[in-house]
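Notes follow once the structure below has been shown.
Laboratory data are not the source of any read-out in this text; all were calculated from the coordinates shown. Treat the numbers as computed from the prediction; the structure is a model and nothing was measured. Cβ: placed from backbone, ideal geometry, glycine included. Neighbour counts: every protein chain shown.
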Amino acid sequence: MTVAVLFLAALFFAPLAGSIPAFATAPALVFVACLMMSTIKDVDFTDPTEYAPAIVTIAAMPLTFSIAHGIAFGFIAYTGIKLLSGRFGEIKPAVAILAVLFVLKFGYL
């Protein structure tokens, strides 16, 4: 219910947000990028099956101009690398399902 009410309220503020020029939002996007990069210290850099998908995700975001596509490529890379390395047990079912759905999404665009 809370989300529904907030989405309804957002309908009234959408024109106001649309009136802000793109160059005014750039500093906020740079700040968000800095916040996202601060979590890189939590990645296990001793295990290539853990850090390679993180690098794919980080590289895909600016190259595709989409945070969502970058995360999708990260899910696909994580699942693929774990499968190729023979570490099937480390893949959680939800991650595998998302990876398959993203592959289907990108395959049928």
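Some observations on this one:
- Taking the criterion of being aliphatic (A, V, I, L, M) and over 13 Å from residue 53 (Cα atoms), the residues of segment 92-109 that qualify are 94, 96, 97, 98, 100, 101, 103, 104, 109.
- Of all residues in segment 70-83 being crowded, with 17+ Cβ neighbours inside 10 Å and under 10 Å from the mean Cα position of the chain (by Cα), the one that is nearest to residue 93 (Cα to Cα): 75
- Residue match in segment 11-19 (condition: surrounded by 12 or more Cβ atoms within 10 Å (Cβ to Cβ) and either out of contact with any Gly (no Cβ under 8 Å at 6 or more places or on another chain) or of a type in the set (Val, Ile, Thr) (or both)): no
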